[in-house]
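In what follows, a single structure is set out as structure tokens and then discussed.
Where a number appears in this text, it was derived from the coordinates with a stated rule and is not lab data. Given the structure is predicted, the values throughout are model-derived calculations rather than measurements. Don't worry about glycine lacking a Cβ; one is built from the backbone with ideal geometry, like all the others, and counts go over all protein chains shown.
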Amino acid sequence: MLIVMNHNAGKKQIDAVIKAVEKMGLHAAPIPGSERTAIGVLGNKGYVDDSCIRNLAGVQEVIHVSKPYKLVSRDFHPRATIVRVSGVEIGEGRRPVIIAGPCAVESEEQIMKTARAVKAAGADMLRGGAFKPRTGPHTFQGLREEGLKLLAAASRETGLPVVTEVMSPDNVGLVARYADVLQVGARNMQNFDLLRELGTIRKPVLLKRGLSATIEEFLAAAEYILAGGNGSVILCERGIRTFETATRNTLDLSVVPLIKELSHLPVTVDPSHATGKRSLVPFMTKAALVAGADGILLEVHPEPDKALSDGAQSLNLAGFARLMDDIKRLLQFLGH
């Protein structure tokens, strides 16, 4: 339920509404706005009788919200959320950000060379995996803390904020010491213990859509993080599993404008994981930007054919530079 206050409602009236909500055994979450305050009501497991609230002084409207993702919903938070990462702003009305780097950090030489190249080409942030959730246990699993240290060193040299994956609640503190944004991979989208832990930190979280997750399940996963107190969540569409085998996954670009209707959170797209094919990445990158994506995640490697992880979908340094030239022209056309 969402209680919308009159534009001239004062603190005394707002406090009275909060007290009435808490008296019902529910939690009141004030949402201050530029024109008026709204109060989200959380904790109800069914319909709430609003008769004791509707006629309180200062109440303009009571809206019943049936969605399981209340804090994530536009109903609770009509204005778009802007996530700020070390001077980079991600969200509606901002220039789309480009996050680029290797699937996995393999060595100091590899990550430094990549970081310098993507910075020179115009990337806004650096991505790279230190903990790698792989389908099989015998493939490269990442350098772990050593990889985090190398990412941090690359960040210091280039000034690019770092996005890297966290896989376990136990590792949230460790990853947060080195990274600017903590990524939740598709396989962990419904790792609820991890999501709850990420709700307790004050660093942005990039949440990827699960392999077979519906939009409601995706947004409900984000709700876990916001419910814990962390409102800096960036959503990421990375392709879903369908009957098609010609591509690694099926990139569902319709979710970009759809989620923007349903939620106030920024929406990014990862065409590398979605397609699994280097040749398709530039096309789907540009399509995602036209669809309204707030950011793009791209896998880039100095020598993709020698990459220890996902080389087939990684752009080489020259290919990334060419794509960035195309992106700059496209963004000018789109008015960014």
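What to note about this one:
- Rg to Rh quotient for region 2-63, alpha carbon positions, Kirkwood Rh: 0.93
- Distance between the modelled labels on E35 and R329, one decimal in nanometres: 4.1 nm (7 Å Cα→Cβ projection).
- Nonlocal amide H pairs with G33, under 5 Å, H built at 1.01 Å: A38
- Label-point gap, in nm, between V290 and R196 - each point 7 angstrom along Cα→Cβ: 4.5
- Label separation (L258 vs R241): 1.9 nm, computed from points 7 Å beyond Cα along the C-beta direction.
- C-alpha long axis of helix 215-227 to longest principal axis of the chain, angle in °: 70
- Diffusion coefficient (Stokes-Einstein, Kirkwood radius over C-alpha pairs, 4 °C, 1.567 mPa s) for region 235-308: 102 µm²/s, rounded to a whole number.
- Take the chain and mark each of the GluC sites (Glu not before Pro) that is in a DSSP loop with at most 14 other Cβ atoms within 10 Å; the longest unmarked stretch, sites excluded, is 36-243.
- Low-density loop cleavage sites - chymotrypsin sites (Phe, Trp or Tyr not before Pro) in region 5-78, where at most 14 other Cβ are within 10 Å (DSSP): Y47
- Between 0 and 90 degrees, the angle of helix 11-23 with respect to the longest Cα principal axis of the chain falls at about 90 degrees.
- Percent breakdown of C-alpha pair distances by 10 Å bin, ordered from the shortest bin, for the chain: 6, 25, 32, 21, 10, 5, 1
- Computed about the Cα centre, the dipole magnitude for the chain is approximately 360 debye when only Lys and Arg (+1) and Asp and Glu (-1) carry charge, each at its Cβ.
- For the chain, the longest principal axis of the C-alpha atoms and the axis of helix 145-158 are separated by about 90°.
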